[in-house]
1. Can you pull the one-decimal nm distance between simple spin-label points at GLU159 and ARG175, each 7 Å off the Cα toward Cβ?
2. Only helices at least 15 Å long along their axis, Cα-based, and averaging -0.5 or more on Kyte-Doolittle count here, so list those DSSP H runs from the chain.
3. Under 5 Å between amide H atoms, partner at least 5 residues away or on a different chain: which partners does TYR77 have, H built in plane at 1.01 Å?
4. Counting other beta carbons within 10 Å of each Cβ, put ILE18, ILE51, ILE155 in order, fewest first.
5. Rounded to a whole number of µm²/s, how large is the Stokes-Einstein D of the chain at 20 °C and 1.002 mPa s, given Rh as the Kirkwood radius over C-alpha pairs?
6. Enumerate the calculated ³J(HN,Hα) couplings along region 176-182 in order (Karplus 6.51 cos²θ - 1.76 cosθ + 1.60, θ = phi - 60°), each rounded to whole Hz, writing x wherever the residue is Gly or Pro.
7. Which whole-Hz couplings ³J(HN,Hα) result when phi for each residue of region 4-19 is put into the Karplus expression 6.51 cos²θ - 1.76 cosθ + 1.60, θ = phi - 60°, listed in order with x for Gly and Pro?
8. Taking amide H atoms as placed 1.01 Å from N in the peptide plane, list the residues 5 or more away in sequence, or in a different chain, whose amide H sits under 5 Å from that of PHE127.
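Just so it is clear, none of the values below were taken in a lab; they were calculated from the coordinates. Owing to the predicted nature of the structure, the values given are computational and were not obtained by experimental measurement. Neighbour counts run over all protein chains shown; Cβ positions are idealised from the backbone, glycine included.
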Amino acid sequence: MNRFTLRQEEAILMIIDIQERLVPAMKHGKKTIDNTNILIATAKKLDIPIIATEQYPKGLGKTVTEISENINGDYIYEKISFSGYTEEVKTALNQIERKKVIITGMETHVCVYQTVRDLLDNGYEVFIAEDAVCSRTKENYLNGLSIMDKMGAVIVNTETVLFDLLKEAGTPVFRELSKLIK
């Protein structure tokens, strides 16, 4: 069951390509941003490192302000490959030394999928927050989730991630973070 369990000391949050020119094309872009921000707040409170990628920012714009203002810009990596598992990201992940990667981002069936495939292939355990990823079409979104599930990623949601990391109710951290999902 370890494969299905998140622990704050083992986790990292990876945000893939939530960018200015991509979001308007996504039917569920706002929900993806909102849930990603819940996971960012959780990660910050629990000292979980955060990495973000940007697909060709010259053409697709930078990470949306709603996300970028909540994360450290030092850990935003530009890329031209669809996979976010670039040399720079590999170096950052090796330095962080954590093997459970929580994924949010766009698009589920392209950059998220290829990043997840590469992470799994390189020994990472991957948790997809299904309500914090999206594609332009429902069919592509569902297909992306299905493929990643078959590859061995754990398909979860924002609340599951939050409560699995917290482990128990009644603590000051629980009281603070549980307000994010009400």
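1. The answer from the label model is 2.2 nm.
2. On the way: long enough: 29-45 (24 Å, -0.45); 138-151 (20 Å, -0.60).
Flagged H segments are 29-45.
3. ALA52, THR53, GLU54
4. Working: ILE18 27, ILE51 21, ILE155 15.
Least crowded to most crowded, the residues run ILE155, ILE51, ILE18.
5. Values: Rh = 16.0 Å.
Diffusion coefficient, whole number: 134 µm²/s.
6. Karplus-based 3J(HN,Hα) across region 176-182 equals 5, 6, 5, 5, 5, 10, 8 Hz.
7. 9, 10, 9, 10, 4, 6, 10, 9, 9, 9, 10, 10, 10, 6, 8, 10
8. Counting only residues 5 or more places away or on other chains, the set is VAL101, ILE102, ILE103, VAL154.
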